1. Cβ contacts < 6 Å: first residue on the phi > 0 side of the Ramachandran plot and without any contact (Cβ under 8 Å) to a residue 60 or more places away in the chain, restricted to region B:15-34; second residue part of a loop (DSSP other than H, G, I, E, B) and surrounded by 15 or more Cβ atoms within 10 Å (Cβ to Cβ), any location; separation 6+ or different chain. Result?
2. Taking residue A:80 as the residue in question, decide whether it is assigned to a strand (DSSP E or B), closer than 25 Å to residue B:106 by Cα and touching a strand residue (DSSP E or B) at 6+ places or on another chain (Cβ under 8 Å).
3. Do we have any residue at all in region B:84-92 that's more than 15 Å from residue B:16 (Cβ to Cβ), more than 9 Å from chain A (Cβ to nearest Cβ) and touching a residue at least 40 places away in the same chain (Cβ under 8 Å)?
4. Give region B:40-60 a look and list any residue that's within 11 Å of chain A (Cβ to nearest Cβ), farther than 20 Å from residue A:113 by Cα and not in a loop (DSSP other than H, G, I, E, B), or say none.
5. With the condition kept exactly as written, say whether any residue in region A:58-74 is over 26 Å from residue B:98 (Cα atoms) and out of contact with any helix residue (DSSP H, G or I) (no Cβ under 8 Å at 6 or more places or on another chain).
């Protein structure tokens, strides 16, 4: 059974760096074709893809936020990470991580989401 | 970026009714490898999104076969043949042919 769980600071102030962790089980990020992606959703709004990291350490970012995003992984501990620098209120959202399989970027398992509020 | 336009934005259905949701892309989603990377997800109230269909028409394991997907190039459809109460929520199409990955704005299915 594949499970993912996001964790984060809950609340942070503008200009700070948001650090998120995705802890997963049921698969390995060292397995060919496996990846983890981050997606966010402001309250009551739609989904926005942020970044993906693959088994071979390939990384892809949404250009609209690319300069602020860093994705990484710790394969031995089954974790993936996302950092967003210089946050502002527009970054307030629920952040999801998802397992991604194959070239079609099929997001076949999602975490429960971590709520993040940026407020002064 | 590829823009995915979903219609209708809201859909109201009775139990047992069949409904369709349209997803139109601003660019062809046919990849150079011959596949078309258009997926459908459902987000039930208060829950995370879940995958229903991938690559236009492939049903994800465990998803009821009342869900089906079709389409090509720029026009895609999700059909629910016989809506059940558990189908309420917001349906999103998502494309992975072109970077960056993008989602449609969603179609909210309400049960009458």
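Values in this text are rule-based calculations from the coordinates and carry no lab data. Because the structure is predicted, anything quoted here is derived from the model rather than measured. Reconstructed Cβ throughout: ideal geometry from the backbone, glycine too, with neighbour counts over all protein chains shown.
1. Pairs that qualify, where the first residue is on the phi > 0 side of the Ramachandran plot and without any contact (Cβ under 8 Å) to a residue 60 or more places away in the chain and the partner is part of a loop (DSSP other than H, G, I, E, B) and surrounded by 15 or more Cβ atoms within 10 Å (Cβ to Cβ): there are none.
2. Details: assigned to a strand (DSSP E or B): yes; closer than 25 Å to residue B:106 by Cα: no; touching a strand residue (DSSP E or B) at 6+ places or on another chain (Cβ under 8 Å): yes.
Against the criterion (assigned to a strand (DSSP E or B), closer than 25 Å to residue B:106 by Cα and touching a strand residue (DSSP E or B) at 6+ places or on another chain (Cβ under 8 Å)), residue A:80 does not qualify.
3. The first filter runs over region B:84-92 and keeps only residues more than 15 Å from residue B:16 (Cβ to Cβ), leaving B:89-92.
Of the ones still in play, those that are also more than 9 Å from chain A (Cβ to nearest Cβ) are B:89, B:91.
If we keep only those that are touching a residue at least 40 places away in the same chain (Cβ under 8 Å) as well, we get B:89, B:91.
Yes, there is a match, as at least one residue in region B:84-92 is more than 15 Å from residue B:16 (Cβ to Cβ), more than 9 Å from chain A (Cβ to nearest Cβ) and touching a residue at least 40 places away in the same chain (Cβ under 8 Å).
4. B:53, B:54, B:58 - these are the residues of region B:40-60 that are within 11 Å of chain A (Cβ to nearest Cβ), farther than 20 Å from residue A:113 by Cα and not in a loop (DSSP other than H, G, I, E, B).
5. Going through region A:58-74, the residues over 26 Å from residue B:98 (Cα atoms) turn out to be A:74.
Okay, now just the ones that are also out of contact with any helix residue (DSSP H, G or I) (no Cβ under 8 Å at 6 or more places or on another chain), so A:74.
Looking through region A:58-74, at least one residue is over 26 Å from residue B:98 (Cα atoms) and out of contact with any helix residue (DSSP H, G or I) (no Cβ under 8 Å at 6 or more places or on another chain).
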